[in-house]
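Below is one structure, written out as structure tokens, with a few remarks after it.
The values are calculated or read from the model by the stated rules, or taken from the named source; none is laboratory data. From a predicted model like this one, the values you see are computed outputs, not experimental measurements. For neighbour counting, all protein chains shown are included, and Cβ atoms are generated from backbone atoms with ideal geometry for every residue, glycine included. Accessible surface areas use protein heavy atoms only, side chains included; no ligands, DNA or RNA. Shrake-Rupley method; radii C 1.70, N 1.55, O 1.52, S 1.80 Å.
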Amino acid sequence: MNHHRLLVLPAVAALAFALTACGGLPFPLPGGATPSPAVPAVDPQAVDVQAAEDLMREALPVAPADFDVENSEGLGEQTFASDWSVVDHDARRVARVLRTSESPGWADYSRGPGYVFDVEIVLMESTDAAGAAYNEIASAVAQPYEYTSDDETLRTEYAPLPEPSGRWPFGTVEQATEQTWSTGERASGWIVYYLAGPFILTVRASAIPGNDSEGALAEYADSVVPGLAVAVDALPAKLADAQG
């Protein structure tokens, strides 16, 4: 299957569509959450980007040995885009890391359950900058929408989850996805956005039909999410220590 490379691209235009439709809405904290305790401030001029990326990369889950894993970093790829808000949230990023983990069955159905698990962490220039981006995302994903890729090879339908999965901490933004490729191939999954001080975690996961792929994805997510959330929560303090 060749569709898996498309999945790692951020759903930038999808967010653009949703937020344009929601234009002017207030942006309360997601889930009615109260502000978290103060975290150390980030001075973007003082941050050692390499050191920050190293800390962020340490927080990423380690996939099983037989998975296909790709890592990337840097600000060359968009996370949020700039056409769905008066604020260019991408311009307020300081560092970014991404890890894509694919089970053997994602590329070859005969090799068992097929699913992909994308984890992206971005460091924003401040806690306020992270909160502004996060709240706009929370408002966007509250309504269903769909997006077709520019090359018209992939249509993705997005919808809010009927209720929280229970897998993530309170206040996490979650939405469901259904994907259809022009070849007829399909996959279903979810996207999660999680805020920790100046850091935003995005997890995109999807599984193909059959082979108990959805069950295998759920089991994998259950095994890595608790540690991932703890690791991301620890990043603000670790970054402060690294800055001295």
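Summary table
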{"read-out": "For region 155-244, accessible area per residue (1.4 Å probe, heavy atoms of protein chains only), Å²", "value": "42"}
{"read-out": "Residue 241/residue 178 FRET efficiency (R0 41 Å; Cβ-Cβ; nearest 0.05)", "value": "0.45"}
{"read-out": "Length gained when the stretch residue 108-residue 223 is fully extended (0.36 nm per residue, less Cα-Cα span)", "value": "39.1 nm"}
{"read-out": "Per residue value of the accessible surface for region 48-140 (all protein chains in place, 1.4 Å probe), Å²", "value": "39"}
{"read-out": "Theoretical gain in end-to-end length, residue 87 to residue 163 [0.36 nm per residue, Cα-Cα removed]", "value": "24.4 nm"}
{"read-out": "Protection-proxy order for peptides 182-194, 60-72, each taking the mean of Cβ atoms within 10 Å per residue, highest first", "value": "182-194, 60-72"}
{"read-out": "Long-range HN-HN contacts of residue 196 with modeled amide H, under 5 Å", "value": "201"}
{"read-out": "Overall Cα dimensions of region 131-244 - principal axes, largest extent first, Å", "value": "53, 31, 27"}
{"read-out": "Length released on extending from residue 78 to residue 49, taking residue separation times 0.36 nm less the Cα-Cα span", "value": "8.7 nm"}
{"read-out": "³J(HN,Hα), Karplus 6.51/-1.76/1.60, whole Hz, each residue of region 134-142, x for Gly, Pro", "value": "5, 5, 5, 4, 4, 5, 5, 7, 6"}
